[in-house]
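Visitor: My structure is below; once you've seen it, I'll send some questions.
The values are calculated or read from the model by the stated rules, or taken from the named source; none is laboratory data. The model shown is predicted, which means the values in this text are computed figures rather than measured ones. Here the Cβ is made from the backbone with ideal geometry for all residues, glycine too, and neighbour counts use every protein chain on show. Keep in mind that these areas ignore ligands, DNA and RNA; they rest on the heavy atoms of the full protein, side chains included. Shrake-Rupley method; radii C 1.70, N 1.55, O 1.52, S 1.80 Å.
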Amino acid sequence: RKATKSEEKLGDVTATVFQMPSADDAGQQQLVYFQHDGQLVFTEDVTTAGLLLDRLASGAANGLKDVEGYQQVVAACQARAGDAVPDAVLYYIPLDLSEACEQLSPKKDDRVSDNLKVAREHGFDAVSAVGAFVDIGEEPFDFLVRVAVHAPRPWEHAMRICEFPNHR
């Protein structure tokens, strides 16, 4: 994408910054990543990277490890992975992520807002967490992804029609 690569010091950490030219009027985009205490962190701008690094360095409580949905999906993935240590752990809250992406989109689409509203009204916000363990080069696969969904009952409205295999 014809990005230019640079490095920026954020305290004691060196972040790698990719500046990507934009084909439309949205301006340039950034991809920033850095490592901190064995964690690889990606974000979309240097300011956010600095804030994330400050948070990580502070040792503040209330991290993901304290969130029930995260605990549940990680435990479910680990149970299926046995002693294997994943190459990456993914975690998100589906409707919240969709809403954040919609708010950050330079081109607003009313259909997205309407669909999010309908999904919440019909009980699909019961899916409070999705997580995955990703193993790269796990024979005989190129990628092995173990996915878990946390959707505590009772479910309301249309969510009641859902069926999740392997549920506990």
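Visitor: Mind checking the per residue accessible area of the range 111-166 for me, 1.4 Å probe, whole number of Å²? Walk me through the intermediate numbers first.
Guide: Working: 3830 Å² over 56 residues.
About 68 Å² of surface per residue is accessible.
Visitor: As an exercise, use a Förster radius of 22 Å and the Cβ-Cβ distance of ASP142 and VAL13 to find the FRET efficiency, rounded to the nearest 0.05. Mind dumping the intermediate values first?
Guide: Details: r = 31 Å, r/R0 = 1.41.
Working from the Cβ atoms, E equals 0.10.
Visitor: In the Gaussian network model of the chain, springs joining C-alpha atoms below 10 Å, which of ALA81, ALA57, ALA49 carries the largest mean-square fluctuation?
Guide: ALA57
Visitor: At what distance in angstrom do the alpha carbon centres of the range 138-168 and the range 78-102 lie from each other?
Guide: Their Cα centres are 12 Å away from one another.
Visitor: Using Cα-Cα distances under 8 Å and only pairs 6 or more residues apart, what relative contact order does the chain have, in percent? Mind showing how you got there, number by number?
Guide: Working: 223 pairs, mean separation 26.6, N = 168.
Once divided by the residue count of the chain, the mean separation gives 16 percent.
Visitor: Let's test the formula: R0 of 41 Å, r as the Cβ-Cβ distance of GLU156 and ALA3. What FRET efficiency results, to the nearest 0.05? Write down the numbers at each step before the final one.
Guide: Values: r = 45 Å, r/R0 = 1.10.
For GLU156 and ALA3, the calculated efficiency is 0.35.
Visitor: Dividing the alpha-carbon radius of gyration of the chain by 2.2 N^0.38 Å (N being the number of residues), what value is obtained? Write down the numbers at each step before the final one.
Guide: On the way: Rg = 18.9 Å, N = 168, 2.2 N^0.38 = 15.4 Å.
Normalised Cα radius of gyration, the chain: 1.22.
Visitor: How long is the gain from HIS36 to VAL112 if the chain were fully straight, where each residue apart is worth 0.36 nm and the alpha carbon distance is subtracted?
Guide: Working: separation 76, 0.36 × 76 = 27.36 nm, distance 3.51 nm.
Length difference between fully extended and current span is 23.9 nm.
Visitor: Of ARG55, ARG120, ARG111, which has the largest mean-square fluctuation in a 10 Å C-alpha GNM of the chain?
Guide: Among ARG55, ARG120, ARG111, the largest GNM mean-square fluctuation belongs to ARG111.
Visitor: At 0.36 nm per residue, and after removing the present C-alpha to C-alpha distance, how many nm does the segment from GLN28 to VAL85 gain when stretched out fully?
Guide: Between GLN28 and VAL85, full extension yields an extra 16.9 nm.
Visitor: Turning to a different aspect of this structure: Order THR14, THR4, most accessible first, counting only protein heavy atoms with a 1.4 angstrom probe.
Guide: Working: THR14 60, THR4 85 Å².
So, going from the largest accessible area down, we get THR4, THR14.
Visitor: Another question, then. How much of the accessible area of the range 1-120, in percent, comes from carbon and sulfur atoms when a 1.4 Å probe is used?
Guide: Working: 4360 of 8540 Å².
Carbon and sulfur atoms account for 51 percent of the accessible area of the range 1-120.
Visitor: Find the percent of Cα-Cα distances in the range 72-167 that exceed 15 Å, and round it to a whole number.
Guide: Working: 3067 of 4560 pairs.
Of all Cα-Cα pairs in the range 72-167, 67 percent lie more than 15 Å apart.
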